[in-house]
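> Sharing a structure below in structure tokens format, with a few things to ask.
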Amino acid sequence: MRLGIGEVLGMSSLYALEKLHKVYDGRAVLAVDTLQVREGEMLALVGPSGTGKSTLLRLMNFLEAPTSGTLHYRAQDVTASAPLELRREVTTVFQRPLLLRGSVADNIAFGLRLRSAPVNGNVAHMLRRVGLANMAAAPARKLSGGEMQRVALARALVIEPRVLLLDEPTANLDPYNVSLIEDIVREQNKTRGVTVIVVTHNVFQAKRLAHRVGLLLNGQLVEIAETAAFFDSPQDPRTAAFARGEMVY
Amino acid sequence: MKHFTLAFILTFAALIMAGCATATPTALPPTVAPQPTVAPQPTQAPASACALRLATTTSTADSGLLDAILPDFEKKFNCQVDVVAVGTGQALEIGSKGDADVVLVHARKSEDKFVADGHARERFDVMYNDFIVVGPKDDPAQILGMTSSADAFKQIATKQASFASRGDKSGTNSKELSIWASAGITPTKEMAWYNALGQGMGETLLTSNEKGMYTLTDRGTYLAMRDKLPNLVIILGGNSLDENKDKALLNPYGVMAVNPDKHPGVQYEMAMNFVNWLVSPDIQKMIGTFGVDKFGQPLFYPNAKP
Amino acid sequence: MEEILAGLAHALRLIFSGDPALYEIIWLTLQVTGVALGLAILLGVPCGAALGLYRVRTRGLITVLLYTGMGLPPVVVGLFVYLILSRSGPLGTLSWLFTPYAMIVAQVIIAFPLTAGLTMTAVQGVDPALRLQARALGATGAQEVWTILTEARIGVVAAIVAAFGGIISEVGAVMLVGGNIEGKTRVLTTAIVLNTRTGDFDLAIALGLILLAIAFIINGGMLFLQRNALE
Ligand SMILES: Nc1ncnc2c1ncn2[C@@H]1O[C@H](COP(=O)(O)OP(=O)(O)OP(=O)(O)O)[C@@H](O)[C@H]1O
Ligand SMILES: [Mg+2]
């Protein structure tokens, strides 16, 4: 197991996970020994289905408490629960877009309304950014899959999160939507320094976006490394198999 | 989202508005309206906080008698009368729980028990009318011309002619059961011709009219509803109380103020005012003339002891 | 047929005659039903939402009780309220029996299982992942519940409509605990019973038509809200 860059350089990390376990109905689903996430980095998580990737994101968004272990966020112990102001720094775009009833604009404004923040200019700007400016009043649940996922992304970004968790945000999307979404995510990371953790099944997406890549297998973090190192000189034979494209799932 | 919020706000507003309106202690003027219950109010009593609760039978209220005489009381004593019109059994039950101040009913035995149980100190005669037997025009049990109700009931049972009973523990119902008893018959639900309806007098008469059944009714309700009962005629009891040969069919009404020793919440003083007012000569005379203009005979005969 | 037509004519005449006694009855009906419905919403919707959203150990039992409550004959509720509010009953000192308060109490008890039970069902029908999404976007506990309720609003409005229909047409309980006192506790349904009892069928039909019209207007309004919610 290689150490994260942050630890090597002695920098304090945004997230610090230690012996983080999640058990559902007596079945251990997640068992991450240690993981640090640096502020401002883009981390890709890869791994077969049912291996605990979404579960890990839920824990990192403080939506569930771990069964055991510790979770630190910005040097605060948030294992059991996180205070609202910290919770509101982190948001997730889930595997399914999960739009609410109402218009596209209503959906994008949702997080702002929760915070009693000004809506109009922000929503209009975000609508333009995701290329849906002319669909503000359309019923959100009647959109196409790609449009819905863009609305979900816009809804997450409009609240200007410090951390953006993406759970297979482009699965089942066409190349146009994929590159549109990737561009926006990359831009947010560059201009605003948003920390991004993206779960993906797509090796190329991981290569395109991530500074670091981690492989999750049966709930365990097998290897995590800088993207180039992860693909070019994997330490674990299973990572090597994955990088060669031989791990079939 | 917006509309849903609006719906909630509207409900809230309605709630608060309505809450305020009901909370305002304004005494609504009693509506003085003879028969159709909803009718313009000719007179209005002065507003007062005083409200006397009278539990009485549907016959006194539905006949329009109370609407005719109560305004006088309300004016004299500056006290409104809230009429709860139910069956005699329920009226006595309301009184025996202390939920009414005064009770005006017609079931002598139950009234005596009410006094014996201490729910009232005394019972006062007010008025009486009579019961009659009505039935289908063709009189299938052939009882026309009989003078004794017990004989007539015996004949109905023998011929197994359909009979409608109130079956609701009302004054009329208990009178009916006592006639069956004096005829030596105990009606049971196995007797297919005997129908215990569990309904008020009006519904029972309407049902008898539809199904061609005999029934026992007070004369007042029958007269008031006669034009809605084209298939029924008076079989026993004659065309007025004077023609009624069976003294067992007399129907006395009594009034009782609920005993404050037993039920401290009641307004005994005002209740006694009501009792004394009801038995006073002026009101007794009013009772004796009520209905004459409409039916050619009184519906109630006053009999208070002077 | 004749009677129905006469009733119809009578209804129109009554409505336009400006009869104060009639308006008093209508106004009281609206007040009692409105307050009772409002209270049933205020109590039932949060209760139903809590039951649908949170793990409640006795949920099974509570659900059975609510469903039973939906089927309870209103007269039984009336009798229960009567005995509680009677001067000889535990809450006799309130002197609420034979007042609109007693009618409201009875109607709230009748309506509560409907608002709570049907809200619970509606809330349970919302995709649980939406709850997670709301929290992930920064919703507090209360905001999360509100979000789910607005998602379930079609079902919640249906719950309110059912409760409204249940109490505005109810007669047994309000007759028993209200006493049908003219000018005080006489509402449309009890006035209908009274006029049926006295054989004034056309008047009874007229009042019935007015009741129908009120229910139609209010349900139409709620349907309008529901349809807007669909978009
Ligand atoms: N709330 C839950 N209760 C019980 N089991 C759960 C729950 N959530 C997830 N699991 C189980 O935990 C395991 C990991 O699920 P998770 O959704 O984290 O996998 P994943 O890596 O995201 O898979 P995929 O790539 O298919 O999305 C699965 O076996 C799943 O069935
Ligand atoms: Mg997943």
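> Binned at 10 Å from 0, what are the whole-percent values of the Cα-Cα distance distribution for the protein assembly as shown, short to long?
With 10 Å bins starting at 0, P(r) equals 2, 12, 17, 16, 12, 9, 8, 8, 8, 5, 2, 0, 0.
> Total Lys pairs in chain A closer than 20 Å by alpha-carbon, pairs eight or more apart in sequence or interchain only? Don't skip to the end; give the middle numbers.
Details: A:19/A:53; A:22/A:53; A:53/A:207; A:190/A:207.
For chain A, the number of qualifying lysine pairs is 4.
> Summing both sides, how much accessible area is buried between A and C? Use a 1.4 Å probe and give Å² to the nearest 100. Intermediate values should be presented prior to the final figure.
Details: alone 11670 and 12680 Å², together 22450 Å².
In total, chains A and C hide about 1900 Å² from solvent.
> Hey, any idea what % of chain C's accessible area is carbon plus sulfur with a 1.4 Å probe? If you can, show how the numbers build up before the last one.
Details: 7040 of 9540 Å².
In chain C, the share of accessible area belonging to carbon and sulfur is 74 percent.
> Can you work out the accessible area per residue across chain A, with the rest of the protein chains kept in place, probe 1.4 Å, in square angstrom? Can you show the working numbers first?
Working: 10720 Å² over 249 residues.
Ligands and nucleic acids excluded, the figure is 43 Å² per residue.
> Sequence-distant or interchain residues sharing an amide H contact under 5 Å with residue B:301, placed H: which?
B:128, B:129
> Now for a different question. With every protein chain left in place, what is the accessible area per residue of the range B:160-264 in square angstrom, probe 1.4 Å? Show your work: numbers first, answer last.
On the way: 4340 Å² over 105 residues.
It amounts to 41 Å² per residue over the range B:160-264.
> Report, as an integer, the average count of C-beta atoms from other chains found within 10 Å of each Cβ along C:39-47. Working shown, then result.
On the way: counts 2, 0, 5, 4, 0, 0, 1, 0, 0.
Average per residue, whole number: 1.
> Accessible area drop of at least 10 Å² (1.4 Å probe, protein heavy atoms): which residues of the range C:75-95 qualify, relative to the chain alone?
Checking the loss per residue gives C:82, C:83, C:86, C:87, C:88.
> Sticking with the crude label model, points 7 Å out along Cα→Cβ, report the distance from residue A:176 to residue A:113 in nm, one decimal please.
3.0
> On a 0 to 90° scale, report how tilted helix C:20-53 is relative to the longest principal axis of chain C, with both axes built from alpha carbons and the result rounded to the nearest 10.
20
> Can you pick out the pairs among B:247/B:294; B:109/B:189; B:154/B:305; B:169/B:245 whose Cα atoms lie more than 30 Å from each other?
Working: B:247/B:294 25 Å; B:109/B:189 25 Å; B:154/B:305 36 Å; B:169/B:245 26 Å.
Going by Cα-Cα distance, B:154/B:305 fall outside the 30 Å limit.
> To the nearest whole number, what is the average tally of beta carbon atoms from other chains within 10 Å of the beta carbons of peptide B:85-96? Present the calculation step by step, with values, prior to reporting the outcome.
Working: counts 6, 4, 0, 0, 0, 1, 0, 0, 2, 6, 0, 1.
Average neighbour count from other chains, rounded to a whole number: 2.
> Still on this structure: Which ³J(HN,Hα) values, rounded to whole Hz and listed in residue order, are derived for the range C:190-204 from phi using the Karplus coefficients 6.51, -1.76 and 1.60 in 6.51 cos²θ - 1.76 cosθ + 1.60 with θ = phi - 60°, glycine and proline given as x?
3J(HN,Hα) across the range C:190-204, in whole Hz: 5, 5, 5, 4, 4, 6, 5, 4, 8, x, 7, 5, 5, 5, 4.
> Separate question: Report the label-to-label distance for residue B:196 and residue B:210 in nanometres (one decimal), using points 7 Å from each Cα along the Cα→Cβ vector.
2.1
> In Å², and per residue, what accessible area does the range C:124-194 have when probed at 1.4 Å with the other protein chains present? Please report the intermediate quantities before stating the final value.
Details: 1730 Å² over 71 residues.
That works out to 24 Å² per residue.
> Amide H to amide H under 5 Å from residue B:233: which residues, 5+ apart in sequence or cross-chain, H placed 1.01 Å off N in plane?
Amide H neighbours of residue B:233, under 5 Å, 5+ apart: B:135, B:137.
> How shielded is A:103-111 by partner chains, expressed as the average number of their Cβ atoms within 10 Å of its Cβ atoms? It would help to have the intermediate numbers written out before the result.
Values: counts 2, 0, 0, 2, 0, 0, 1, 8, 5.
That works out to 2 on average.
> In nm, give the distance between the simple-model label positions of residue C:83 and residue B:295, each being 7 Å from the Cα along the Cα-to-Cβ direction.
3.8
> In the protein assembly as shown, with Lys and Arg counted as +1 and Asp and Glu as -1 at Cβ, which of these residues, C:171, B:260, A:17, has the Cα nearest the positive end of the dipole, that is, farthest along it?
Checking the options against the dipole of the protein assembly as shown, the answer is A:17.
> Per-residue counts of other Cβ atoms within 10 Å, averaged by peptide: what ranking do you get for C:166-178, A:172-184, highest first? Provide the component values of the computation, followed by the final result.
Numbers: C:166-178: 24.2, A:172-184: 15.3.
Per-residue Cβ counts within 10 Å, averaged per peptide and sorted highest first, yield C:166-178, A:172-184.
> Something else now. Kindly compute the accessible surface that chains B and C hide from a 1.4 Å probe when together, both sides summed, and give it to the nearest 100 Å².
Numbers: alone 15400 and 12680 Å², together 23780 Å².
Answer for the B-C pair: about 4300 Å² buried.
> Tell me which of B:278, B:302, B:103 sits at the most positive position along the dipole axis of the protein assembly as shown, charges placed on C-beta atoms (Lys, Arg +1; Asp, Glu -1).
Working it through, the farthest residue towards the positive pole turns out to be B:103.
> Using DSSP to call loops (not H, G, I, E or B), can you name the trypsin sites (Lys or Arg not before Pro) in the range C:18-68 whose Cβ has at most 10 other Cβ atoms within 10 angstrom?
Details: sites: C:55, C:57, C:59; in loops: C:55, C:57.
The qualifying sites are C:55, C:57.
> Excluding residue B:194 itself, calculate the net charge of residues whose Cβ lies under 15 Å from the Cβ of residue B:194, where each Lys or Arg counts +1 and each Asp or Glu counts -1.
Spelling it out: positives minus negatives among the neighbours equals +2.
> Count neighbours as other Cβ atoms within 10 Å of each site's Cβ, and list the chymotrypsin sites (Phe, Trp or Tyr not before Pro) in the range C:47-105 that are DSSP loop with at most 15 such neighbours.
Details: sites: C:54, C:67, C:80, C:82, C:96, C:98, C:101; in loops: C:54, C:96, C:98.
In loop regions of the range C:47-105 (DSSP not H, G, I, E or B), the sparsely surrounded chymotrypsin sites (Phe, Trp or Tyr not before Pro) are C:54.
> From the phi of every residue in the range A:119-131, what ³J(HN,Hα) in whole Hz does the Karplus formula 6.51 cos²θ - 1.76 cosθ + 1.60 yield, where θ is phi - 60° and glycine or proline is x?
Rounded to whole hertz, the list is 9, 3, x, 4, 5, 4, 4, 5, 4, 5, 5, 9, x.
> Calculate how steeply helix A:104-114 sits against the longest principal axis of the alpha-carbon atoms of chain A, using the helix alpha-carbon long axis, and give the answer as 0 to 90 degrees to the nearest 10.
Between helix and principal axis, roughly 70 degrees.
> Give the angle, between 0 and 90 degrees and rounded to the nearest 10, that separates the Cα long axis of helix A:145-157 from the longest principal axis of the Cα atoms of chain A.
Once rounded, the angle reads 80 degrees.
> Still on this structure, please answer the following. Quick one: Karplus J couplings for the range A:229-243, per residue in order, coefficients 6.51, -1.76, 1.60, θ = phi - 60°, nearest Hz, x for Gly and Pro?
Going residue by residue, I get 4, 4, 8, 8, 9, x, 8, 8, x, 6, 5, 4, 4, 5, 5 Hz, with x marking Gly and Pro.
> Then there's this: Calculate, in nm to one decimal, what residue A:236 and residue A:128 gain on full extension: separation in residues at 0.36 nm each, minus their alpha carbon distance. Show your work: numbers first, answer last.
Working: separation 108, 0.36 × 108 = 38.88 nm, distance 4.39 nm.
Contour length minus the Cα-Cα distance gives 34.5 nm.
> Can you tell me the dipole magnitude for the range B:130-249 around its Cα centre, using point charges on the Cβ only (Lys, Arg +1; Asp, Glu -1), in Debye to the nearest 20? Intermediate results must be reported in sequence, preceding the final value.
Values: 13 positive and 14 negative charges, 32 e Å.
My answer is approximately 160 debye.
> Still on this model: Of the residues A:50, A:145, A:69, which exhibits the maximal mean-square fluctuation in a Gaussian network model of chain A defined by a 10 Å Cα contact cut-off?
Among A:50, A:145, A:69, the largest mean-square fluctuation in the Gaussian network model of chain A belongs to A:50.
> Taking only C-alpha pairs under 8 Å that are 6+ residues apart, what is the relative contact order of chain A in percent? Walk me through the numbers before you get to the answer.
On the way: 456 pairs, mean separation 63.6, N = 249.
RCO, chain A: 26 percent.
> Restrict the search to the range B:111-164; then list the trypsin sites (Lys or Arg not before Pro) that DSSP places in a loop and that have at most 16 other Cβ atoms within 10 Å of their Cβ. Present the calculation step by step, with values, prior to reporting the outcome.
Numbers: sites: B:113, B:121, B:123, B:137, B:154, B:159; in loops: B:121, B:123, B:137.
Those satisfying the criteria are B:121, B:137.
> Related question: Looking at C:50, C:17, B:225, which one has the Cα that reaches farthest to the positive end of the dipole of the protein assembly as shown (charges on Cβ: Lys, Arg +1; Asp, Glu -1)?
Most positive-ward Cα: C:50.
> Treating only the Cβ atoms of Lys and Arg (+1) and Asp and Glu (-1) as charged, compute the dipole magnitude of the range B:182-281 about its Cα centre; round to the nearest 20 debye. Write out the running numbers ahead of the final one.
Numbers: 8 positive and 10 negative charges, 31 e Å.
That gives a dipole near 140 debye.
> OK, next. Please state the charge dipole magnitude for chain A, taken about the Cα centre, from unit charges on C-beta atoms (+1 on K and R, -1 on D and E), reported in debye and rounded to the nearest 20. Kindly include the intermediate steps, with their values, before the conclusion.
Numbers: 29 positive and 24 negative charges, 146 e Å.
Roughly 700 debye for chain A.
> Please check which bits of the range B:67-98 a label hung off residue B:280 would reach, taking the label as a point 7 Å along Cα-to-C-beta and the cut-off as backbone N under 16 Å.
From the range B:67-98, the list is B:69-81.
> Less than 18 Å from a label point 7 Å out along the Cα-to-Cβ axis of residue C:8: which backbone N atoms in the range C:200-231 qualify, by residue?
Those under the cut-off are C:201-214, C:216.
> Suppose R0 equals 60 Å. What FRET efficiency, 1/(1 + (r/R0)^6) with r the Cβ-Cβ distance, do residue C:1 and residue B:50 give to the nearest 0.05?
Values: r = 48 Å, r/R0 = 0.79.
Calculated transfer efficiency: 0.80.
> Further, regarding this structure: Given H placed 1.01 Å from N in the peptide plane, which residues other than close sequence neighbours of residue B:165 have an amide H under 5 Å from its amide H?
B:195, B:196, B:197
> Tally the DSSP beta bridges in the protein assembly as shown and give the antiparallel ones as a percent, rounded to 5. Please report the intermediate quantities before stating the final value.
Working: 44 of 76 bridges.
Antiparallel bridges make up about 60 percent of those DSSP assigns within the protein assembly as shown.
The values are calculated or read from the model by the stated rules, or taken from the named source; none is laboratory data. All figures in this text were calculated on a predicted structure; none of them were measured in a lab. Note that we place each Cβ from the backbone using ideal geometry, even for glycine, and neighbour counts take in every protein chain shown. For the accessible areas, the whole protein counts, side chains as well, though only heavy atoms, and no ligand, DNA or RNA atoms are used. Shrake-Rupley method; radii C 1.70, N 1.55, O 1.52, S 1.80 Å.
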